[in-house]
Amino acid sequence: MREVAVIGAGMTKFGELWNMSLRDLFVESALGAMESAGVDTLDSIYIGNMSAGQFVGQEHLGPLMADSLGMAGVPATRVESACASGGMAIRSAFLEVASGASDFVLAAGVEKMNDGADVTGVLATASDQEEEVYYGVTFPGLYAMIARAHMEKYGTTEEDLSWVSVKAHKNGAKNPHAQFRRVMSLEDVMTSSMVAEPLRLLHCSPVTDGGAAVLLCPLDRAKEFTDKPVKILGSGAATSTLALADRADPSHLDAVELSGQRAYEMAGLKPEDIDVAEVHDCFSIAEICCYEALGFVEQGKGKDAAREGITDLGGAIPVNISGGLKSKGHPVGATGVAQAVTIVEQLRGEAGELQVEGARIGLAQNMGGSGASSTVHIFQGV
Ligand code: COA
């Protein structure tokens, strides 16, 4: 396999973007990635998208997005793995460049959720229709069950969940791309309205429109296009049962662990080698479970990490310094690519007030459903 680098990255602001269509979101982020590398031709395009058919009535995104970018003729395909669609798009692009089949491949992610659809119902299609949705389960409900299981097994409290949200909003307030640029106190989080017990409004990621893109090429050509290429050291993916109740331990995200192990193995690295990480905090309990599954802390110790500052800027392993899905927003199919854009900025030393000093190696973990699919990518600034 050839070595692969990210040479360009772009993303839109995240939020309720009433004046931008699905294609506008794609084009703005794709052009951002291409222009930052000075590249105007592509060999192939992957578009991470969970459910444009249901959110805005648009399927067949490959040709639509290629044409909107002025690239009709270029092979382009949508990649779907629920909220992990973006991570899977990066993995597809990575493998295509690594295989030698293509040199310049764009991995984008896009989602337009605020356009009048029944968002909770559309998102629920990523869970098991027969075993879960039929009985009325929603995603806040599924993650509430994960939280309950974690609380019972490890003594995790509502306050532990809340410190994750306080950290997210503190950092997200400094991120110009973020949907909610507001600092939230522990009291704000713990008195916000109950959504699915024990998860309150401020333990949940919001409903978001947005796009993100990264441009990949062989590492040995990367310096032709940028002084600061970012090498992809490892790519791991895994699946688990779609239905949460079918898992041996619902408090443990086994697909996240497996995808992490595969990425660490490809990279020849261990969790302690990671300088900065973005993980999939669709609900604050998910971030706690990801700390554990990725080996940043021992199983059962994730509940203490945000409160003790271990995962904050300046801590042993800064996580979701962008504000994460909670504060930056979660346009589901775009999220995995946006995480990679954040890590690329960190490894290039371009994260401004949110810069992790001396960050050389970064990790992005993206998850679908209640953890039924997961991707992990490990990056190094070169
Ligand atoms: N975090 C912070 N503030 C939020 C928020 C969130 N997650 N969601 C909404 N708000 C704010 C809104 O901006 C609004 O503020 P305003 O009154 O100052 O304008 C207020 O809270 C009410 O917003 P509203 O849109 O009426 O909330 P809602 O009750 O319809 O939706 C949730 C709240 C939590 C149910 C919704 O955001 C949600 O479903 N989140 C989870 C999404 C999800 O499951 N993603 C996939 C994960 S796998």
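Could you identify the single residue in A117, A89, A108 that is over 30 Å from A245 (Cβ atoms) and either more than 14 Å from the ligand (Cβ to nearest atom) or surrounded by 17 or more Cβ atoms within 10 Å (Cβ to Cβ) (or both)?
None of the other options fit; the residue is A108.
For the condition surrounded by 20 or more Cβ atoms within 10 Å (Cβ to Cβ) and either within 15 Å of L253 (Cβ to Cβ) or within 11 Å of the ligand (Cβ to nearest atom) (or both), what is the one hit in L161, L123?
Answer to the check: L123.
Given A334, A359, which one is within 16 Å of the ligand (Cβ to nearest atom), at pLDDT 95 or above and crowded, with 20+ Cβ neighbours inside 10 Å?
A334
Scan segment 366-382 residue by residue and report those that are more than 10 Å from the ligand (Cβ to nearest atom) and part of a strand (DSSP E or B).
N366, S373, S374, T375, V376, H377, I378, F379, Q380, G381
In segment 299-326, what residues are more than 17 Å from M151 (Cβ to Cβ) and open to solvent by 30 Å² or more (accessible area, probe 1.4 Å)?
Correct list: E308, I310, L313, G314, A316.
Mind listing whichever residues of segment 187-231 are among the hydroxyl-bearing types (S, T, Y) and closer than 28 Å to W163 by Cα?
T191, S192, S193, S205, T208
Can you give me the ranges of the strands (runs of 3 or more DSSP E) entirely in segment 175-262 with at least 1 residues that are more than 16 Å from the ligand (Cβ to nearest atom)?
Per the criteria, 209-218, 230-239.
A144 - would you say it is over 17 Å from the mean Cα position of the chain (by Cα), modelled with pLDDT of 95 or more and either closer than 24 Å to C282 by Cα or in a helix (DSSP H, G or I) (or both)?
It is true that A144 is over 17 Å from the mean Cα position of the chain (by Cα), modelled with pLDDT of 95 or more and either closer than 24 Å to C282 by Cα or in a helix (DSSP H, G or I) (or both).
Can you tell me which of (1) basic (K, R); (2) farther than 30 Å from T41 by Cα; (3) open to solvent by 30 Å² or more (accessible area, probe 1.4 Å) is the one K228 doesn't meet?
(2)
Checking the structure you have, find out if any residue of segment 188-208 is in contact with a His (Cβ under 9 Å, 6 or more places away or on another chain), under 30 Å from F94 (Cα atoms) and open to solvent by less than 10 Å² (accessible area, probe 1.4 Å).
Yes, segment 188-208 contains at least one residue that is in contact with a His (Cβ under 9 Å, 6 or more places away or on another chain), under 30 Å from F94 (Cα atoms) and open to solvent by less than 10 Å² (accessible area, probe 1.4 Å).
Of the residues E287, E298, only one is charged (D, E, K, R) and within 16 Å of the ligand (Cβ to nearest atom); which?
When all the criteria are applied, what remains is E287.
Answer yes or no: is there a residue in segment 283-293 that is surrounded by 18 or more Cβ atoms within 10 Å (Cβ to Cβ), among the β-branched types (V, I, T) and free of Cβ contacts under 8 Å to residues at least 24 places away in the same chain.
no
The values are calculated or read from the model by the stated rules, or taken from the named source; none is laboratory data. Here the structure is a predicted model, which means the values were calculated and not measured. Note: ideal-geometry Cβ built from the backbone for every residue, glycine included; neighbour counts use all protein chains shown. The area values use the complete protein model at the heavy-atom level, side chains included, leaving out ligands, DNA and RNA. Shrake-Rupley method; radii C 1.70, N 1.55, O 1.52, S 1.80 Å.
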